[in-house]
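Nothing in this text is a laboratory measurement; each read-out follows from the coordinates by a stated rule. Everything numeric in this text was worked out from a predicted model, so none of it was measured. FYI the Cβ positions are ideal-geometry reconstructions off the backbone, even for glycines, and counts take in every protein chain you see.
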Amino acid sequence: MSTGLTPEEVEAEAIRRARERIVAGGYANVAELEALSDEPRSAIGRLHEWAMVEVDLEGVRSTRPLGRPITAAKRGLARLLRQYHGELEAQVSRFNVALLVYAGALEDRIEQLERRLDELEPPAPPPS
């Protein structure tokens with residue numbers, strides 16, 4: 001069953017509905033759900049959310065008086081350059097993820113070295 005909508009229109013409608021639900025308090029328990037997780041999220045895990053670049057066409061607008069035609073032109077240009085921008089977003093996202101993987105490996109190595117150091121030299125007792 002076809003709705004006759006483009007994927008972009010379906011995505012825009014889903015975003016609109018999600019925003020309405022957020023305003024209505026529909027996603028208020030997100031913090032509670034994260035607290036139920038078995039293992040706490042590391043700093044690297046939290047940064048992973050920001051590693052993926054996603055540009056929202058809703059942010060393309062003009063705030064000038066009578067800026068509606070300028071906004072339409074900007075959005076039209078953004079649509080014409082969608083493939084180019086998609087490639088840029090993909091490259092930046094891949095770089096960000098690779099950087100996070102490298103930072104995670106460094107974090108793991110630091111933990112291993114600290115454990116080995118603790119095994120070789122037990123921590124000094126606190127001063128009395």
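When the label point is put 7 Å from the Cα of Leu47 along its Cα-to-beta-carbon vector, which residues of segment 100-128 have a backbone N closer than 16 Å? Only 100-111 pass the distance filter.
Scanning residues 5 or more positions from Val55 or on other chains, none has an amide H under 5 Å from its amide H, with H placed 1.01 Å from N in the peptide plane.
For segment 66-81, putting each phi into the Karplus relation 6.51 cos²θ - 1.76 cosθ + 1.60 with θ = phi - 60° gives couplings of 6, x, 4, x, 5, 4, 4, 5, 4, 5, x, 5, 4, 5, 5, 9 Hz, in residue order, rounded to whole numbers and with x for Gly and Pro. Segment Arg116..Thr71, full-extension length gain: 10.3 nm, with 0.36 nm per residue of separation and the alpha-carbon distance subtracted.
Computed over segment 40-120, the range of Cα coordinates on each principal axis works out to 71, 25, 17 Å, biggest value leading.
Per-residue 3J(HN,Hα) values for segment 7-22, derived from phi via the Karplus relation 6.51 cos²θ - 1.76 cosθ + 1.60 with θ = phi - 60°, read x, 5, 5, 5, 4, 4, 5, 5, 5, 4, 5, 5, 5, 4, 5, 4 Hz in sequence order (x marks Gly and Pro). Each Lys or Arg adds one and each Asp or Glu takes one away; over the other residues whose Cβ falls under 12 Å from the Cβ of Asp108, this sums to -1.
A simple packing score, the average count of other Cβ atoms within 10 Å per residue, orders the peptides 81-88, 95-102 as 95-102, 81-88, with the highest score first.
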